[in-house]
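The values are calculated or read from the model by the stated rules, or taken from the named source; none is laboratory data. It should be emphasised that the depicted structure is a prediction, and the values quoted were computed from it without experimental measurement. Ideal geometry is used to build each Cβ from the backbone, glycine not excepted, and the neighbour counts take in all protein chains shown.
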Amino acid sequence: MEYLWVIPFSPLIAFIIISLFGYKLLKEPLSGIVAVIGVAISAVFSVYGFYQVSQTGDYYDLKLFTWMPLGDYNISVSILWDPLSALMTCVVTVVSTFIFIFATGYMKGDPSYPRFFAYLSLFVFMMLMLTLADNLVQLFFGWEGVGLASYLLIGFWHYKKSASVAALEAFIVNRVGDWLFLLGVLLAFITFGTLDYLDIFNKIPEVGFWTITAIALLLFGGAVGKSAQIPLHIWLPNAMEGPTPVSALIHAATMVAAGVYMVARIMPVFASSEIALDTVLYIGTMSAFIAATMGLVQNDIKRIIAYSTLSQLGYMFAAEGLGLFKDGMFHLASHAVFKALLFLAAGSVLVAIHHILDVQKMGQLRKYMPITAATFLVGALALAGIPPFSGFFSKDPIIEAAYEINWVVWVLLWSGAGLTAFYIFRLYFLAFENGDRLDPHIKSHVHESPPNMTIPLIVLATGAIVLGFFREFFMNFLRPSLDPSQMKFLSEETKIVVEEGLTRAHHVHIVEDAWHFLVHSLTSPLGLLILFTALGGIFMAFLMYQLRVIDPVWMANTFRPIYLLFYNRWYFDHIYYAIFAYGYYKLSKFMWKAGDRFLIDGIVNGSGKVSMSFGDILRLTQTGRISAYLAQMVVGILVFLSLFLFLS
Amino acid sequence: MSIPYEYYVALSGLLMVLGLVGVTVRKNIIAVLLSTELMLNAVNIAFVAFDMKLHDVAGQVFVFFILTIAAAEAAIGLGLVMAIYRLRKDVDVEKLTELKL
Amino acid sequence: MDLHAIAFWSFSALAVISAFGVVFAKNIVYNILSLIAALIAVSGLFFNLGAELLGALQILIYAVAIVVFYVLVISTVPEYKGQSVDPKYMLISIPTGFAIFLELSYVSIYGAWASSTGIFTPEVMQDVGNIKAVSSMLFTKYLFPFEVASLILLVAMIGAILLGRKEQVMEENQ
């Protein structure tokens, strides 16, 4: 398995090549091609590694080199290759490859073309460091690295004020989570004396319940920031200021899933604390529902998809909170495919209509861009959870399992599914069907995108269709990493603790075979209820935005308070602004008046005045006469001599 | 020896203080220099007295150096007095107030 | 009262009286004469203490060489006719100086002395003699400061020459 080191370092080499020679030698097409080759190599290797690990179900812990020694513990740069990291790495590299290919078309003509691909390669390198880490420090390195890459890419068009502000916002909001995460890492190091996952897992039974809860909650704080869960979700919709491939890659498919991945990676830690799992569950459920309601009323095409990302990440966290880590990870994989597809289709639309983001100004685009429209429709159906698309096989099991475990969670997830179907089809009908609202001037230029943009779309759409049928394969594949009874690297004591933690999901039996699951949900009342909710959402969107039977404006006016609540995104931004921005401003103003003007200026000016008046007095002694100075010196000698004599 | 060395040191202190007073009160700059010679001599007495008390000769070596420095100081100091006199036609310390702006 | 005590008291009385003369006599010539008296008294004290080399050097260097400088200068500079002392500084410095003297004598008489650790005990001194002891120290352990002192004298000489010649140089330049 030694060849695995190629996976993270191939994008790094691409990054170095592009940043050194990008502007002078490679220029526009070549730097994109270098980046694509870099990530494609690691995709090939990771798929091969995925194949190998699926044969054996084993795990490999490769220590590449020691990063820094820390007392008895050496932090090493290493690769932990087991089914979980193999799946995540494959998702990252394969989806990245297609997004890179798409980006070569999307970024055409941009003056900073090499810089863009350098940043993208850097991002992939950091993300792979994160996924392949076998210890928390390397994970944190990748974690911060993707944060940096995300900051650079959101603010890629730095001359746009909104973009640089959004980049800063993303960075700062992430800092809150990262701070918690770092505290969690430190606490883990104090508690366990090591940061390697495998050692930590085997020491879990020795540690008290509250300590492990604190570690899990602090680490989850980082995941909340990175995966944009409530209450740290505000940065993600604004992050859509970046170029669309960035939104697809970072803010939909890979980086925001890092939180989900991290929770699954250190699953034994979370599983050994009831409170931590409950926190994950409720935060995820709330995010899934609230983000879906926010998505209902947005008009910015990318923001609607961004809110759906928030919501779907909430589903993943909810699955993990329910103890269904395998379902969570499977949803992550299928979501990465269809969300990247949705974003890339939106990007294709934006290129065609010259970056008009408002869906109210689109319409009838299917006529001009049939491939984009068809692939978008596939993505939307997958997101809505309509069989036989992948979203159905990954999302519906979570909702069904929730029904058997916790009905409050079920209600929220179930209604969230209906809302999801509604808003994504609202977007679809507004953008691709319905009346003709396009600016005539633009309409004359609208045309289908070039092949280097449509081919990734088609590939991803195929993935979104077929991936769901591999449900059983993925479940079995993930078993050595996420099923405590089959995790080879756990000690027997830890296995018992983890099994106990996951008992909440023990009575849940979701059919794993895709075909049987389909039959099951088409026959059981619960399955039908969920399916018809999604179809009902689509039908409502069809009535309101395609046929215009129900006037959306009338709806908005009738339910005005609710509409305003959703439209203003549950006032999260306003509250944060009031508390943090305005509160800080007020505090600063107070400190300025009380501390600066009164205290500091008082001291400074006062000391100035005092020394000036003292100076006025003292300059009387400065006669300029040698005798006077000498007399003063004599007095000084007396004073010091007396001091030495009588004080010592 | 009937006279304790402490008396020598006290005498040195008296001469030193007289020199200090002279440096402070005299107006003629040459007299000021003479007073510094007095102070140097006071130090010399103290050095030799300490030497005899502590059974050493390092102090006397230092007195030798002080004599050397006193010679140098007198040469430079008096040269300066000459220069000042040539410049201002006066040797009154009170009138040398260039230190005050 | 042995001879040493008599010598000490008489020499110190002479030294103090001459010092008063140096400080308070009005005429600069009297000042210099008093200084010569004080230097000879100090030299006597040195002899009394047993430092024969320094006693001799005191007379040779101070009382002859340095005082000659002063005499030369006062013969160049016209007689100073102003007030000899400034009463307002006397008001400050005489009480202060007196206090310093009290403190210094307090320290010297009641202060603790370091123990006599040197190797030149009176017996050794009797044996080798003061001059040999001081000179051997001067030319072995303190050879480098000795050479530096000679350099300082050279520099002082050059400085004195420059200061004395300055006017002439300026005239030449003009």
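Among the residues of the range A:330-351, is there at least one that is within 26 Å of A:ALA276 (Cβ to Cβ) and in contact with a Leu (Cβ under 7 Å, 6 or more places away or on another chain)? Checking the range A:330-351: at least one residue is within 26 Å of A:ALA276 (Cβ to Cβ) and in contact with a Leu (Cβ under 7 Å, 6 or more places away or on another chain). Residue-level check: of (1) closer than 24 Å to A:LEU64 by Cβ; (2) part of a helix (DSSP H, G or I); (3) β-branched (Val, Ile, Thr), A:THR194 misses just (2). Would you check which residues across the range A:400-435 are among the small types (Gly, Ala, Ser), farther than 21 Å from A:LEU341 by Cβ and part of a helix (DSSP H, G or I) and list them? Passing the criteria: A:ALA401, A:ALA402, A:SER415, A:GLY418. Mind telling me which of the residues C:THR96, C:THR140, C:THR121 ends up being facing chain B (nearest Cβ under 8 Å) and either in contact with a strand residue (DSSP E or B) (Cβ under 6 Å, 6 or more places away or on another chain) or among the β-branched types (Val, Ile, Thr) (or both)? After ruling out the rest, the residue left standing is C:THR121. In the range A:506-563, of all residues being of a type in the set (S, T, N, Q) and surrounded by 15 or more Cβ atoms within 10 Å (Cβ to Cβ), the one that is nearest to A:GLU472 (Cα to Cα) corresponds to A:SER521. Would it be correct to say that B:PHE64 is under 23 Å from C:THR117 (Cα atoms), more than 7 Å from chain C (Cβ to nearest Cβ) and hydrophobic (A, V, I, L, M, F, W, C)? It is false that B:PHE64 is under 23 Å from C:THR117 (Cα atoms), more than 7 Å from chain C (Cβ to nearest Cβ) and hydrophobic (A, V, I, L, M, F, W, C). Quickly run through the range B:1-59 and pick out the residues that are among the charged types (D, E, K, R) and touching a Leu at 6+ places or on another chain (Cβ under 7 Å). Result: B:GLU37, single match. Scan the range A:431-442 and tell me whether some residue there is within 28 Å of the chain's Cα centre (by Cα) and surrounded by 15 or more Cβ atoms within 10 Å (Cβ to Cβ). Checked against the condition, which is being within 28 Å of the chain's Cα centre (by Cα) and surrounded by 15 or more Cβ atoms within 10 Å (Cβ to Cβ), the range A:431-442 yields at least one hit.
Whenever a residue of the range A:605-631 is within 13 Å of chain B (Cβ to nearest Cβ), its partners that are part of a loop (DSSP other than H, G, I, E, B) and surrounded by 15 or more Cβ atoms within 10 Å (Cβ to Cβ), lying with C-beta atoms within less than 7 angstrom and at least six residues away or across chains, give the pairs A:ILE626/B:LEU96; A:SER627/C:ASP86.
In the set A:PHE156, A:PHE125, A:PHE171, only one residue is buried (at least 24 other Cβ atoms within 10 Å of the Cβ) and within 30 Å of A:ALA248 (Cα to Cα); that residue is A:PHE125. Pick from B:LEU54, B:LEU78: which is buried (at least 23 other Cβ atoms within 10 Å of the Cβ), of a type in the set (A, V, I, L, M) and away from chain A (no Cβ under 14 Å)? Going through B:LEU54, B:LEU78 in turn, just one is buried (at least 23 other Cβ atoms within 10 Å of the Cβ), of a type in the set (A, V, I, L, M) and away from chain A (no Cβ under 14 Å): B:LEU78.
Taking the condition of being aliphatic (A, V, I, L, M) and outside any helix (DSSP H, G or I), how many residues in the range A:233-281 meet it? Write out each step before concluding.
Of all residues in the range A:233-281, those aliphatic (A, V, I, L, M) come to A:234, A:236, A:239-240, A:246, A:248-250, A:252-253, A:255-258, A:260, A:262-264, A:266-267, A:269, A:271, A:275-277, A:280-281.
Narrowing the set further to residues that are outside any helix (DSSP H, G or I) leaves A:234, A:266.
So the answer is 2.
Applying the set (1) modelled with pLDDT of 80 or more; (2) on the phi < 0 side of the Ramachandran plot; (3) in contact with a helix residue (DSSP H, G or I) (Cβ under 9 Å, 6 or more places away or on another chain) to A:THR623 leaves exactly one unmet item: (1). Applying a threshold of 8 Å to beta carbon distances and a minimum spacing of six or more residues, or different chains, the list of pairs starting in the range A:1-14 at a residue that is surrounded by fewer than 18 Cβ atoms within 10 Å (Cβ to Cβ) and ending at one that is modelled with pLDDT under 90 and of a type in the set (D, E, K, R) is empty.
Looking only at the range C:15-30, residues that are without any contact (Cβ under 8 Å) to a residue 40 or more places away in the chain and out of contact with any Ser or Thr (no Cβ under 9 Å at 6 or more places or on another chain) come to 3 in all.
Identify, please: which residue in the range B:17-34 is among the hydrophobic types (A, V, I, L, M, F, W, C) and within 7 Å of chain C (Cβ to nearest Cβ) and is, among those, surrounded by the most Cβ atoms within 10 Å (Cβ to Cβ)?
Filtering the range B:17-34 for residues among the hydrophobic types (A, V, I, L, M, F, W, C) gives B:17-18, B:20-21, B:23, B:25, B:29-34.
From what is left, the residues that are within 7 Å of chain C (Cβ to nearest Cβ) are B:17-18, B:20-21, B:25, B:30-31, B:34.
Working: B:VAL17: 28, B:LEU18: 25, B:LEU20: 26, B:VAL21: 30, B:VAL25: 28, B:ILE30: 21, B:ALA31: 28, B:LEU34: 25.
Looking at residues that are among the hydrophobic types (A, V, I, L, M, F, W, C) and within 7 Å of chain C (Cβ to nearest Cβ), I get B:VAL21.
Only one of the numbered conditions (1) surrounded by fewer than 24 Cβ atoms within 10 Å (Cβ to Cβ); (2) over 20 Å from A:LEU153 (Cβ atoms) is violated by A:ARG303, and that is (2). Only residues that are touching a Phe, Trp or Tyr at 6+ places or on another chain (Cβ under 7 Å) and either over 16 Å from C:GLY55 (Cα atoms) or facing chain C (nearest Cβ under 7 Å) (or both) were counted in the range B:35-51, giving 3.
Scanning the range A:509-536 for residues that are touching a Pro at 6+ places or on another chain (Cβ under 9 Å) and among the β-branched types (Val, Ile, Thr) turns up A:ILE510, A:VAL511.
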